[in-house]
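*Asks:* Take this structure, written in structure tokens, and hold onto it; I'll ask about it next.
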Amino acid sequence: MTDRSIRPSETISRRTFCRRAAWAAGTAVAITGPFGARADDGAADYIDVHVHLGQPWAAREPLTADILLRWMDEHRISHAVVLPLISPEAWYYPITTEWVLKETKPHRDRLLPFCDVDPRTDYLRGQKGILDTLKRYVDAGAVGFGEHKCGTAIDDPLNLEVFRAASELKLPILFHMDNRRNTDRPGLPGLEKALQEAPESAFIGHAQGWWASISGDVAADQMGSYPKTPVAPGGAIDRLMDKYPNLYGDFSAGSGANSLSRDPAFGRDFLLRRADRLLFGTDYLTPDQDIPQFKLFEQFDLPGDVRRKIFRANAERLLGLA
Ligand SMILES: [Zn+2]
């Protein structure tokens, strides 16, 4: 971490310090803040199910655990799920599971690591090899699987093999779906197959292909984009959520924000209707990143119980924090 990478506003305040200390001790502390009037129990507002740590690479600033924790304090986020990105299609360079486990290790009271394997890894093939690897990651502290961002179809037999292994360990699976990674067709028949193969895992959908499928009229070429048209009822997300109680949505990134902002009336109804299956997330991965989710959710003026579920309670349940 360099001084240059910390903005003045991130300087730790006494209140922040007390709050962090309180979380570390496993207790909530009464605080007031931007959402203080609405916080019913004094605890932090959010659990963020989607962030990344980053190394300096390709002219990008690093995002260290310390920077992440300060940003979480500023935004009243108690816990964040820290995701590796290991497939060659996933990022500039591999953010390995081993590195994520190492960097989060001193902060496991707040930073919750997931793990991933690329199912094309030749020597891993076969259920036992994958299962052994995942067990090793779980023993080292991983509490979920993902961000799975693999350049195959979501229902590629190799993918199904890792999903079955994750299911055997009851790990939540956070997947990125677009038109190049974990691909599917409109209507999400491939995802349905994956859900059937891995019934013990919660599937957490993320990215353009997943969120474009909120609309019943999604076209194949929209599975990698951010459609701005009003949502047509009958989307695959609603169909599959009706049928599979283990299917969740992650509102992180531009795709998550767009799924609500493209049609706010549908979006508000969706938030109310699916309040038990939706998760707050940002995809925070670089120090100066603009995060639209905070303001966006405020615009919907949601009832307190819906806010609590989406911002915290659903994640607490999935991650075993409750
Ligand atoms: Zn991500």
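*Asks:* Look through the range 132-159, keep the residues that are open to solvent by less than 20 Å² (accessible area, probe 1.4 Å), out of contact with any Ser or Thr (no Cβ under 8 Å at 6 or more places or on another chain) and part of a helix (DSSP H, G or I), and return whichever of them is nearest to Gly205 (Cα to Cα).
*Replies:* Leu134
*Asks:* While we're looking at this one, here's another question. Looking at the range 135-173, which of the residues that are farther than 21 Å from Val49 by Cα and of a type in the set (Gly, Ala, Ser) is farthest from the ligand (Cβ to nearest atom)?
*Replies:* Checked the range 135-173; the qualifying residue farthest from the ligand (Cβ to nearest atom) is Ala165.
*Asks:* Look at the range 287-296 and say how many of its residues are out of contact with any Pro (no Cβ under 9 Å at 6 or more places or on another chain) and open to solvent by less than 40 Å² (accessible area, probe 1.4 Å). Don't jump to the end; show me each part of the working.
*Replies:* Kept after step one, since they are out of contact with any Pro (no Cβ under 9 Å at 6 or more places or on another chain), are these residues of the range 287-296: 288-293, 295-296.
With open to solvent by less than 40 Å² (accessible area, probe 1.4 Å) added as a condition, the list becomes 291, 293, 296.
Total meeting the criteria: 3.
*Asks:* Scan the range 179-191 and give yes if some residue there is among the hydroxyl-bearing types (Ser, Thr, Tyr) and under 20 Å from Leu134 (Cα atoms), otherwise no. Show your work before the answer.
*Replies:* We begin by selecting, within the range 179-191, every residue among the hydroxyl-bearing types (Ser, Thr, Tyr); these are 183.
Filter once more, keeping what is under 20 Å from Leu134 (Cα atoms): none.
No, the range 179-191 contains no residue that is among the hydroxyl-bearing types (Ser, Thr, Tyr) and under 20 Å from Leu134 (Cα atoms).
*Asks:* Could you list all residues from the range 174-207 that are buried (at least 24 other Cβ atoms within 10 Å of the Cβ) and within 14 Å of the ligand (Cβ to nearest atom)?
*Replies:* Of everything in the range 174-207, those that are buried (at least 24 other Cβ atoms within 10 Å of the Cβ) and within 14 Å of the ligand (Cβ to nearest atom) turn out to be Leu174, Phe175, His176, Met177, Asn182, Ile204, Gly205, His206, Ala207.
*Asks:* Could you identify the single residue in Trp23, Trp71 that is at pLDDT below 95, under 27 Å from Ile204 (Cα atoms) and not polar (S, T, N, Q)?
*Replies:* Working: Trp71 fails: at pLDDT below 95.
One residue alone meets the criteria, Trp23.
*Asks:* Let me ask you something else. If you check every pair at least six apart or on different chains, which have Cβ atoms under 9 Å apart with a residue in the range 129-150 that is touching a residue at least 40 places away in the same chain (Cβ under 8 Å) first and a residue that is within 16 Å of the ligand (Cβ to nearest atom) and assigned to a helix (DSSP H, G or I) second?
*Replies:* Tyr137/Thr97; Gly141/Thr104; Ala142/Thr97; Ala142/Val100
*Asks:* Follow-up. Take the conditions surrounded by 16 or more Cβ atoms within 10 Å (Cβ to Cβ) and more than 16 Å from the ligand (Cβ to nearest atom) and apply them to Phe280. Does it pass? Quick ask: steps written out before the conclusion?
*Replies:* Numbers: surrounded by 16 or more Cβ atoms within 10 Å (Cβ to Cβ): yes; more than 16 Å from the ligand (Cβ to nearest atom): no.
It is false that Phe280 is surrounded by 16 or more Cβ atoms within 10 Å (Cβ to Cβ) and more than 16 Å from the ligand (Cβ to nearest atom).
*Asks:* Search the range 238-267 for residues that are open to solvent by 30 Å² or more (accessible area, probe 1.4 Å) and pair each with any residue that is within 16 Å of the ligand (Cβ to nearest atom) and at pLDDT 95 or above when their beta-carbon atoms are under 7 Å apart and the residues are at least 6 apart or on different chains.
*Replies:* Gly254/Tyr226
The values are calculated or read from the model by the stated rules, or taken from the named source; none is laboratory data. On a predicted model such as this, the values are computed, not experimentally measured, just so you know. For neighbour counting, all protein chains shown are included, and Cβ atoms are generated from backbone atoms with ideal geometry for every residue, glycine included. With ligands, DNA and RNA removed, areas are computed over all heavy atoms of the protein, side chains included. Shrake-Rupley method; radii C 1.70, N 1.55, O 1.52, S 1.80 Å.
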